[in-house]
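In what follows, a structure is listed as structure tokens, so that the remarks can point back to it.
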Amino acid sequence: MVRTLAGSRIAHCPLLAAIAVIAATATLRAQQSDTPAPAPNAKLLNDRPVSDAWKRFSELPLWEDGLSEMSYYDATCVLYDKTRKFTRVHLMNRQFMNTVHYIKATDDLKDPTPAFKLVISEEVPTENYNYRFLTTAFLERPSLRPIKVSATSQEWCGHTFKQLTWERRKEFAPEKWSLDISCYSYHSKEGDRWFPHANEAYIDAHECLFLYARAIVASGGEAHRMSLLKTLRSNHLPDPNPLDATLRIDGKPHQITVPMGSFDAQRVVLDWDGDETWFDVETASPYRLLSFKTGDVQAKLKAVERRAYWDRTQPSTHYKPNRAP
């Protein structure tokens, strides 16, 4: 028995029943991708060309140890017009992706896509409650082409979720790549939004810059030109309009001091019409990110450890059990 929202019985009215079926089918199709599933061994990778020099960072033997690089930063940002201090954590490790469903590959997947997973965890105290931001970026190895980026914010007024996925969309052009931006916000006049970028294969996420800067130094200074979105790090909807941008080496190597110690570093700057953005990258392998500024966020490295943070039998050397930042 089919009912309208008011609860009226329409099963005996063929026209109304047909309309209800059509509406339900349209809703179902809207919820499902029209993209046909590729063959099990097909890799859905963006076909942007990259040089061998650009791949050097991804091909470091270090990444094959199965551990996570965990970097802890003394950081500041601005919330409610006031500078706040907090610990920012970057976690990065290799992973294998199922790029049909954009999830971690299972052991039985015949041809998984090798990827980096970068997680950025932040908990920022304010007067009455903490802001929490969690960002996750998946980039294909060794090219560092983006696969998926998501960002969430939580504070006591509500939460917001944003996700970027790069894929082929049958309804646009099956031979082209597109970027989809899905957003869910609790704020008034925002709500749920979808921003498709049809046939625009080379749009990059701001969150990928934390790896791109390291890849540039590892490459010997190869600049990276792109169409770049602004950061997803906020509790509002993102700006879906990309800007022309170039990430490049700036000046000569120099020594800098951060809480972790003194290092030879190379500054990498972003030329664009967005917020001031730069990165100080260690000149020696593994080209660690020593300090950076992205908009109102500034950070300096205070500790690094490599461990399997998902293994509860392996405690951190940086913080006590049950006291993770």
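Annotations
- Chain lengthening between Gln314 and Lys55 when straightened (0.36 nm per residue, less Cα-Cα): 90.1 nm
- Of the trypsin sites (Lys or Arg not before Pro) in segment 103-132, the ones in a loop by DSSP (not H, G, I, E or B) with at most 10 other beta carbons within 10 Å are Lys110.
- Those GluC sites (Glu not before Pro) in segment 224-325 that DSSP places in a loop and that have at most 13 other beta carbons within 10 Å: Glu276
- Treating each Cα of segment 200-266 as one equal point scatterer and applying the Debye formula with no solvent, the log10 of I(q)/I(0) at q = 0.11, 0.13, 0.21, 0.22 Å⁻¹ comes out as -0.36, -0.49, -0.93, -0.97.
- Each label was represented as a point 7 Å from its Cα along the Cα-to-Cβ direction; for Ser234 and Thr283 these points are 3.8 nm apart.
- Extension gain (nm, one decimal) between Arg307 and Arg193, 0.36 nm per residue minus Cα-Cα: 37.2 nm
- Segment 54-307, dipole about Cα centre (Lys/Arg Cβ +1, Asp/Glu Cβ -1), debye to the nearest 20: 280
- Here the Karplus relation 6.51 cos²θ - 1.76 cosθ + 1.60, evaluated at θ = phi - 60°, turns the backbone of segment 243-259 into coupling constants of 10, 5, 8, 9, 9, 8, 5, 10, x, 9, x, 8, 8, 10, 10, 10, x Hz, with x for every Gly and Pro.
- Cβ-Cβ FRET estimate between Glu276 and Asn322, R0 fixed at 41 Å, reported to 0.05: 0.65
- Sequence of Cys183, Cys208 once ranked by neighbouring C-beta atoms within 10 Å, starting from the fewest: Cys183, Cys208
- Inter-label distance, nm, simple model (7 Å from Cα along the C-beta direction), Asn241/Thr257: 4.5
- Taking the number of Cβ atoms within 10 Å of each Cβ as an exposure proxy, the fewest-first ranking of Thr246, Thr106, Thr160 is Thr106, Thr246, Thr160.
- Computed from label points 7 Å out along Cα-Cβ, the spacing between Tyr184 and Val119 is 1.9 nm.
- The orientation-averaged shadow of the Cα convex hull for segment 54-307, equal to a quarter of the hull surface, comes to 14.6 nm².
- Qualifying chymotrypsin sites (Phe, Trp or Tyr not before Pro) for segment 63-170 [loop in DSSP, other Cβ within 10 Å: at most 15]: Tyr80, Tyr129, Trp156
- Values of log10 I(q)/I(0), in the order q = 0.09, 0.10, 0.17, 0.19 Å⁻¹, for segment 130-278 under a Debye, Cα-only, solvent-free model: -0.34, -0.42, -1.05, -1.20
- Available extension along the chain between Glu64 and Asp250 is 63.9 nm, counting 0.36 nm per residue and deducting the alpha carbon span.
- Among Leu290, Met260, Thr246 the positive-end extreme of the charge dipole of segment 238-296 (Cβ point charges): Met260
Every number in this text was worked out from the coordinates using simple rules, so none of it is lab data. Everything numeric here is computed off the predicted structure, so don't read it as measured data. With ideal geometry, Cβ positions are generated from the backbone for all residues, glycine too; neighbour counts draw on all protein chains shown.
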